[in-house]
Amino acid sequence: MLTPMKFHVVKLPSIAHCRRHWHYMFPAAVLTACLVVLAATGLPGRVPLMPPLLTSTTGHGRGVDRSCDIFKGEWVRDPGAPRYTNETCPVIHGHYDCMRYGKPDLGFIRWRWRPDECELPRFDAARFLGAMRGKSVAFVGDSLARNQMHSLVCLLARTERPAPWTKAGYVYRYERHGFAVADFWSPFLVRAVETDRDGPTRSGAGLWSLHLDEPDAGWAAHAGMFDYIVVSAGSWFYRPAVFYERGRLVGCSGCLVPNVTDLTLRYSLRLAFRSALRSAVGAPGGRSRTVIVRTISPSHYENGTRNEDGDCVRTRPLQRGEWEMDEEQKEMRRIQVEEFAAAEAAARGKGVRMLLMDVTEAMALRPDAHPSKYRMWEPEKFRVSRDCLHWCLPGAMDACNDMLLHMLLG
């Protein structure tokens, strides 16, 4: 059994000006203006009717099977992998670049996710970009959100390389298609302030003040400009934090502060997702919008914990029945699903489509696909030398974008 851890009017800049600023941790005004230019210069015309994505593996013929649950299935061999490498896709961050840092067994790249009762086709970059003319996607969350964004950028490069074509980008623009992908770093989704860098146990985990009823303005102020918003978060909620609502201290998680009730991370996770989804659904902007919630992807620390010599050294995916998440992670997924359902009900009649990307089971079966020690490690920034939380690229995270393509266009 595994023991996982766990927009104020602005002067519009020129396209050239936008290009010069992609590589910064974009000032809000520059990001806003560049995306307005993107919308204004998007290629006209309707997107042609796309053929069906899913094909049934049961019954007669090869027709689409819209009843198939793409989140229940298994990992099977993929002789066509990899779809890109660190040499063909320079945006891969060193934290996920397991090839460059010498991961000895590259078998982890040669698997694909196959649902039980249908085939989930490989990501079709030309089809995706054709359907996304003049549109934009935002990934909101922690480093795992960025992990998925980098996977998407690499997969799309088979049809068009974006600007910038470097790993320093936080907004990637596809000029021929008038499409953009943006990443918003917001690990708690709500306003968060680090008040003690070392944290109550001096472990370096920090102590955070979370304002659970205030969506992080870093992303929420721009949500109305995007056609698609992918929201995911989870791992940062393990960090010690004190909780505020309407400016009043209401409790904490792991804060070790006398006379402050420990409400656990479940409380903060639920209210943070509630606030974030309410903001994403209610954001102004005058355009239809799709909000996707991606559930947690479990970590796979074995023979120890994240902070105590745990590692992930397996070389093959697991089969169902060979793993079991701890109760806390099960509860985290359940909270995300429940808050998604509440937001979906609230979104009805508002022109907002809600989609749940329930990747937890699929990713829980991939203990072999983490970097472990085969990644860029900066000891002055990260005290944990083994990474069994993020996902090597190329690798298992690519399946999440196979799912994303189906969910958006299927």
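Arrange the peptides 331-340, 70-79, 143-152, 291-300 so that the one whose residues have, on average, the most other Cβ atoms within 10 Å appears first.
291-300, 143-152, 331-340, 70-79
Give me the accessible area per residue for the range 169-218, probe 1.4 Å, as a whole number in Å².
Heavy-atom SASA per residue in the range 169-218 reads 37 Å².
Which order do peptides 160-171, 182-193, 317-328 fall in by mean Cβ count within 10 Å, highest first?
By packing density, highest mean first, the sequence is 182-193, 160-171, 317-328.
Magnitude of the Cβ-charge dipole of the range 194-351, K/R +1 and D/E -1, about the Cα centre, nearest 20 debye?
So the magnitude is around 700 debye.
Among 134-142, 202-210, how do they line up from the highest to the lowest mean number of other beta-carbon atoms within 10 Å?
Order by mean packing, descending: 134-142, 202-210.
Rank H222, H93 by accessible area, highest first, at a 1.4 Å probe radius?
H93, H222
At 1.4 Å probe size, with every protein chain present, just tell me what the per residue accessible area of the range 62-134 comes to in Å².
45
Please list L155, L356 from largest to smallest accessible area, probe radius 1.4 Å, with all protein chains kept in place.
L356, L155
Using a 1.4 Å probe over the heavy atoms of the protein chains, calculate the carbon and sulfur portion of the accessible area of the range 65-142 as a whole percent.
Ligands and nucleic acids excluded, carbon and sulfur reach 46 percent.
Assuming a ≥ b ≥ c are the square roots of the Cα gyration tensor eigenvalues, decide whether the range 165-311 counts as rounded (a/c under 1.5), prolate (otherwise, with a/b larger than b/c) or oblate.
oblate
Carbon and sulfur together cover what percent of the accessible area of the range 290-377 at a 1.4 Å probe radius?
Accessible surface attributable to carbon and sulfur in the range 290-377 totals 45 percent.
The values are calculated or read from the model by the stated rules, or taken from the named source; none is laboratory data. Worth saying up front: this structure is predicted, and the values here are computed from it rather than measured. As a convention, Cβ positions derive from the backbone with ideal geometry for all residues, glycine included, and neighbour counts pool all protein chains shown. These accessible areas exclude ligands, DNA and RNA; they are computed on the full protein's heavy atoms, side chains included. Shrake-Rupley method; radii C 1.70, N 1.55, O 1.52, S 1.80 Å.
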